[in-house]
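Visitor: Let me begin by handing over the structure; questions about it come next.
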Amino acid sequence: MSPISTKRHGDILIVTSNNPPVNALGHAVRQGLVAAIEEADADDAVKAVVIRCEGQTFFAGADVSEFGTPKAFEAPMLPQVVDRIENCTKPVVAAIHGTALGGGLEVALACHYRVAVPTAKLGVPEVKLGLLPGAGGTQRLPRVVGVQKALEMTTSGTPIGAKEAFALGLVDRLIEGDLEQHSVAYADEVKEVRPLQKTSERDDKLAEARANPGIFEEFRKANARKMRGFDAPEANIKAVQAAVEKPYAEGVLEERRLFMELMSGKQAKAQQYFFFAERKASKIEGLPEDTKPRDIKRVGVIGAGTMGGGISMNFLSAGIPVTIVEMQQEALDRGTGIMRKNYEATAAKGRMTAEQVDGAMGLLKPTLNFDDLAECDLIIEAVFENMDVKKDVFSRLDKIAKPGAILASNTSYLNIDEIAAVTSRPQDVVGLHFFSPANVMKLLEIVRGAKTAPDVLVTAMQLSKKIKKVAVVAGVCYGFIGNRMLIPRQTQAMQLLLEGATPEQVDRVHVEFGMPMGPFQMADLAGVDIGWHRDPNRIENIRDALCAIDRWGQKKGAGFYDYDDKRRPSPSPTVQEIIEQFRAKEGITPRDISDQEIMERTIYTMVNEGAKILEEGMAQRASDIDVVWVYGYGWPVYRGGPMHWADGEGLQKIVDALKGQQERLGSDFTLSNLLVQKAQAGEKFTR
Ligand code: 3H9
């Protein structure tokens, strides 16, 4: 049965798509839409058309799962569909609810009118899939919203709300109440209007950019940092530029050419792979299908430091009350003060109103009384990273928490099973590893203990969505997924310094690869002193030597780099001297180290660790590891994540290189059996 059906309301033809879950514009939908327009044209009794969708949303775009299959190229393709809609001889109204995204917005742009409910969102997220709107979107959008806005929308992929769309003229009317009924009434109002306004024939909104051709260069410059390394944003800019510089028909051809170029590239494949990887991550294997989540009405957070405060803000922002506990009034006041300041900073950027700030903070109950946690359904400890301290907290919690409350640790390395063992309810214990700053970073590692109950895992996963995190399930091992993979990278980076590399060189290789920063820049940002033994007289390595002289990173104005008062880094002669002292002490003669060797020893070793994590069952699937690295550490999404990237690099090449480096990697390094097996069998980690 076609997902597209038609019905009449007087002389209005109502075209309805019913293609769950998101009304993606797969082949059958495209076919049905064309047939419906043919029906409207062929019947004199039809005076206007409404296109609407059943379910949660208007068309959310082309069907991404068709990409790379013959179905994507089966006629009618989307560019033909939208042209057919625009060329309908009767007015066509798009009735938008949910999201009109990508191809969905392109369908709407081809309609002669657009109406929407106020909660709808409209956007062109193709750039996030390494693409551009390839069904006339780059040509029609600027003709409706203007060139500057079209550049912003196409290169960021961020949708705009219906109210903004209305102000821009992208939506002709906001509909309160029943959308179908009101859009039919709207169609009735406009059914006699002639000539029909075709978006492709407009150029009033292009005039400003035509008078200021510098707009594109200015936009490139202003957004260079955000777009670094990505192919798609530049292609989007070029396509919008074509809308301004060429007649519509030629602009569309340029759009097509750029679209096909992107589609056949590595980045689009990686970004589309990642789209599905992210969605797969939320599926937890091995749970009974009917597992119901527990009800979380109030969250408790232990510790009002940077982590505890950040964690609390996630829940407050989602409207969930939080009880936050500290031991001293001063620490409590400081912590809650910082939370308010963070909210106010968001408000100052216009992303929150003063009322919303007060609303969020109003949900916070700061207390010095540990027993107040008895009212919470989920309690997350964010205290000092030390096993004895954590055990003490959990045995106290065990005594006061209500039955069925979930007890979570925010530990980034420690053994959840050992922590759970001090309680009488290990089934209620789980790791919730937030990444710093916890109110900003999207990643959450859910650490599944040996005894963690299925409904605890399901609750954690559901809650992660509520607080807008992307969660990945990890097993119990030192550092879980993300931090565990950092260990070989950090070890090798330090060793490379001794052998002749500089922090600048190692970091440059990572930044050129697409990481936001290299290992030493990251250490300086996070704090070189994290995990340091705090004894300035015990100097066993370069890190100890830096910590001993207060070079703890950016917060002290010095770490692996020197920093000026604007936190701009420069190479440090002191650090160089320390490195040389260690070389002399260990009898190492420095040598020239190639960028390739740095790649092999710091990035290939991470892939190897990822393979071990997989082999040991500490990650459910290779794509979960990629999700952790993209959202937790800024791995460039256009490279898909370490495991996907490794597939493209060639697993045998990685194995050979690691074998070649074996001696330098040291006796602690071992190759992953899984990596070797997959390489030998010519298999890949990811699709
Ligand atoms: C495009 O349009 C190209 C054109 O310009 C040119 C063509 C020539 N296709 O995210 P959710 C699935 S490119 C296929 O969890 P939510 C998704 O995998 C497209 N499947 O729900 C998941 O499946 P499962 C431009 C899709 O409520 C299920 O739907 N459009 C698509 O949190 C639910 O998804 C986009 O990039 C799709 N297009 O969010 C929009 N979209 O249940 C991408 C979703 O098996 N989509 N699925 O895991 C989204 O942003 C969100 O899905 C949306 C709903 C906001 C719509």
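The values are calculated or read from the model by the stated rules, or taken from the named source; none is laboratory data. This one's a predicted model, so the numbers in the text were calculated from it and none came from an experiment. Note: ideal-geometry Cβ built from the backbone for every residue, glycine included; neighbour counts use all protein chains shown.
Visitor: Among K659, K684, K585, which is farther than 26 Å from H433 by Cβ, without any contact (Cβ under 8 Å) to a residue 12 or more places away in the chain and out of contact with any strand residue (DSSP E or B) (no Cβ under 6 Å at 6 or more places or on another chain)?
Guide: Unique residue meeting the criteria: K585.
Visitor: Among the residues of the range 48-60, write down those that are more than 6 Å from the ligand (Cβ to nearest atom) and not polar (S, T, N, Q).
Guide: A48, V49, V50, I51, R52, C53, E54, G55, F58, F59, listed by residue number.
Visitor: Going through A167, A135 one at a time, which residue ends up being outside any loop (DSSP other than H, G, I, E, B) and assigned by TED's automatic domain parsing to the domain that holds R8?
Guide: Criteria check complete, one pass: A167.
Visitor: Determine if the range 162-184 includes at least one residue that is away from the ligand (no atom under 16 Å from the Cβ) and of a type in the set (S, T, Y).
Guide: Checked against the condition, which is being away from the ligand (no atom under 16 Å from the Cβ) and of a type in the set (S, T, Y), the range 162-184 yields at least one hit.
Visitor: Let me ask something additional. Is there any pair linking a residue in the range 54-82 that is touching a residue at least 24 places away in the same chain (Cβ under 8 Å) and over 22 Å from V92 (Cα atoms) to one that is of a type in the set (K, R) and more than 8 Å from the ligand (Cβ to nearest atom), with Cβ under 6 Å and at least six apart or on different chains, and which?
Guide: Every condition considered, no pair remains.
Visitor: Please count how many residues of the range 97-112 are in contact with a Ser or Thr (Cβ under 9 Å, 6 or more places away or on another chain) and outside any helix (DSSP H, G or I).
Guide: 7
Visitor: Oh, and also: Quickly run through the range 101-122 and pick out the residues that are within 10 Å of the ligand (Cβ to nearest atom) and buried (at least 24 other Cβ atoms within 10 Å of the Cβ).
Guide: Of everything in the range 101-122, those that are within 10 Å of the ligand (Cβ to nearest atom) and buried (at least 24 other Cβ atoms within 10 Å of the Cβ) turn out to be L101, G102, G103, G104, L105, E106, V107.
Visitor: Another question, if that's okay. Can you tell me which residues in the range 535-550 are farther than 17 Å from L497 by Cα and assigned to a loop (DSSP other than H, G, I, E, B)?
Guide: D535, P536, N537, R538, I549, D550
Visitor: Going by the conditions given, is C88 more than 18 Å from A28 (Cα to Cα) and more than 9 Å from the ligand (Cβ to nearest atom)?
Guide: yes
Visitor: Looking only at the range 187-210, decide whether some residue is hydroxyl-bearing (S, T, Y) and in contact with a strand residue (DSSP E or B) (Cβ under 9 Å, 6 or more places away or on another chain).
Guide: The answer is no, given that none of the residues of the range 187-210 is hydroxyl-bearing (S, T, Y) and in contact with a strand residue (DSSP E or B) (Cβ under 9 Å, 6 or more places away or on another chain).
Condition check ((1) within 16 Å of the ligand (Cβ to nearest atom); (2) surrounded by 17 or more Cβ atoms within 10 Å (Cβ to Cβ); (3) of a type outside the set (A, V, I, L, M, F, W, C)) across all residues:
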residue: E245; (1), (2), (3): no, no, yes
residue: Y248; (1), (2), (3): no, yes, yes
residue: R257; (1), (2), (3): yes, no, yes
residue: A268; (1), (2), (3): yes, yes, no
residue: F276; (1), (2), (3): yes, no, no
residue: K297; (1), (2), (3): no, no, yes
residue: A304; (1), (2), (3): no, yes, no
residue: Q329; (1), (2), (3): no, no, yes
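Visitor: Out of all the residues in the range 454-490, which are over 30 Å from I598 (Cα atoms), of a type outside the set (D, E, K, R), surrounded by fewer than 21 Cβ atoms within 10 Å (Cβ to Cβ) and away from the ligand (no atom under 16 Å from the Cβ)?
Guide: The one that is over 30 Å from I598 (Cα atoms), of a type outside the set (D, E, K, R), surrounded by fewer than 21 Cβ atoms within 10 Å (Cβ to Cβ) and away from the ligand (no atom under 16 Å from the Cβ): P454.
Visitor: Right, here's the next one. Taking the range 123-171, which residues are aliphatic (A, V, I, L, M) and within 20 Å of V81 (Cβ to Cβ)?
Guide: V124, L129, L131, L132, A135, L141, V144, L170, listed by residue number.
Visitor: Which of the residues spanning the range 171-191 are of a type outside the set (D, E, K, R), touching a residue at least 40 places away in the same chain (Cβ under 8 Å) and in a helix (DSSP H, G or I)?
Guide: L179, H182, S183, V184, Y186, A187, V190
Visitor: Continuing with this model, one more query. I'd like to know if the range 621-634 contains one or more residues that are part of a helix (DSSP H, G or I) and either of a type in the set (K, R) or surrounded by fewer than 17 Cβ atoms within 10 Å (Cβ to Cβ) (or both).
Guide: No, the range 621-634 has no match at all.
Visitor: Where residues in the range 4-18 are more than 18 Å from K71 (Cα to Cα) and in contact with a Leu (Cβ under 9 Å, 6 or more places away or on another chain), which of them is nearest to the ligand (Cβ to nearest atom)?
Guide: By that ranking, first place goes to S17.
Visitor: Mind checking whether some residue in the range 662-676 is without any contact (Cβ under 8 Å) to a residue 40 or more places away in the chain, closer than 18 Å to I625 by Cβ, in a helix (DSSP H, G or I) and not charged (D, E, K, R)?
Guide: Yes, some residue in the range 662-676 is without any contact (Cβ under 8 Å) to a residue 40 or more places away in the chain, closer than 18 Å to I625 by Cβ, in a helix (DSSP H, G or I) and not charged (D, E, K, R).
Visitor: Filter the range 626-650 for residues that are of a type in the set (D, E) and either closer than 13 Å to K280 by Cβ or touching a residue at least 60 places away in the same chain (Cβ under 8 Å) (or both) and give the result.
Guide: If the condition is that a residue be of a type in the set (D, E) and either closer than 13 Å to K280 by Cβ or touching a residue at least 60 places away in the same chain (Cβ under 8 Å) (or both), then D626 is the only one that fits.
Visitor: Still on this model: Within the range 61-72, can you find the residues that are within 10 Å of the ligand (Cβ to nearest atom) and surrounded by fewer than 24 Cβ atoms within 10 Å (Cβ to Cβ)?
Guide: Residues satisfying the conditions are D63, V64, S65, E66, F67, A72.
Visitor: Go through the range 204-242 and report how many residues are aromatic (F, W, Y) and surrounded by 19 or more Cβ atoms within 10 Å (Cβ to Cβ).
Guide: Of the residues in the range 204-242, 2 are aromatic (F, W, Y) and surrounded by 19 or more Cβ atoms within 10 Å (Cβ to Cβ).
Visitor: Can I ask one more? Only one of these is surrounded by fewer than 24 Cβ atoms within 10 Å (Cβ to Cβ), within 10 Å of the ligand (Cβ to nearest atom), outside any helix (DSSP H, G or I) and at pLDDT 95 or above: P76, P21. Name it.
Guide: Going through P76, P21 in turn, just one is surrounded by fewer than 24 Cβ atoms within 10 Å (Cβ to Cβ), within 10 Å of the ligand (Cβ to nearest atom), outside any helix (DSSP H, G or I) and at pLDDT 95 or above: P21.
Visitor: What tally of residues in the range 134-157 results from selecting those that are out of contact with any Pro (no Cβ under 9 Å at 6 or more places or on another chain) and within 10 Å of the ligand (Cβ to nearest atom)?
Guide: 2
Visitor: May I ask you to list the residues in the range 24-47 that are touching an Asp or Glu at 6+ places or on another chain (Cβ under 7 Å) and within 16 Å of the ligand (Cβ to nearest atom)?
Guide: Answer for the range 24-47, where residues must be touching an Asp or Glu at 6+ places or on another chain (Cβ under 7 Å) and within 16 Å of the ligand (Cβ to nearest atom): A24, L25, G26, H27.
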